[in-house]
Amino acid sequence: MTKAEIALKNNGIRPTKMRLFIYKYLKRKFYAVTLREIESAFIKKGEHTGDRTTIYRNVKLLQKKGFIHQIDDGTAVAKYAYSNKNCLDLHLHFHCMNCSKTFCLPNKVPHENLPDKYEITDVNLVLKGECVKCQQVKKL
C-alpha cells in the first residue's frame, strides 16, 4: 500500500483511482490549480472514468477531510491546493498578475491580534503582484 493510500484510508476515505490521482496531483503542484486543470491532467493520463461532477465531488471530499483547500484569488475561478500536514491552517496566498498562478505563502495568519472570544474560521487574503519566475523573465 502506498503512502497516499494509507493517508486517505487513515482519514476514512476509500482510496479510489481518482481520489489518489487528485491527491498526488495536488501534492506535486507548487501552485493552486482549477478543476479544469485537474480534469485535463486526469484525461491526459488516460483516465476516462470520471466526469467533471465526479472530480468536483472528490475534490470537495478531500477538502472536507483537510487534504486540500480552496482559494478565491479574485479571478472568479476557484483554485485548489494541497494542505500541508493534513490540516486546515490559515495562511495567505499570492496571485501573480502576470502568469495568473496562485501560490500558498508559508506564513500563518497571526491569532494574537484578535480581540478576546473571536475565532478565525476562514481567511481570504490574497496578495497580488509578480512572482519570482515572471520577474526573472522580465530581466532577460
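Just so it is clear, none of the values below were taken in a lab; they were calculated from the coordinates. In this text, all values refer to a predicted model and were calculated from it rather than measured experimentally. Don't worry about glycine lacking a Cβ; one is built from the backbone with ideal geometry, like all the others, and counts go over all protein chains shown.
Observations on the model:
- Only aspartates and glutamates eight or more places from Lys139 in sequence, or on another chain, were considered; those with a Cα closer than 19 Å are Glu130.
- Antiparallel bridges, percent of DSSP beta bridges restricted to region 1-136 (to nearest 5): 70
- Computed from point charges on the beta carbon alone (+1 for Lys and Arg, -1 for Asp and Glu), the dipole magnitude for the chain about its Cα centre is near 720 Debye.
- Amide H contacts under 5 Å for Thr16: none, restricted to partners 5 or more places along the chain or on a different chain, H placed in the peptide plane at 1.01 Å from N.
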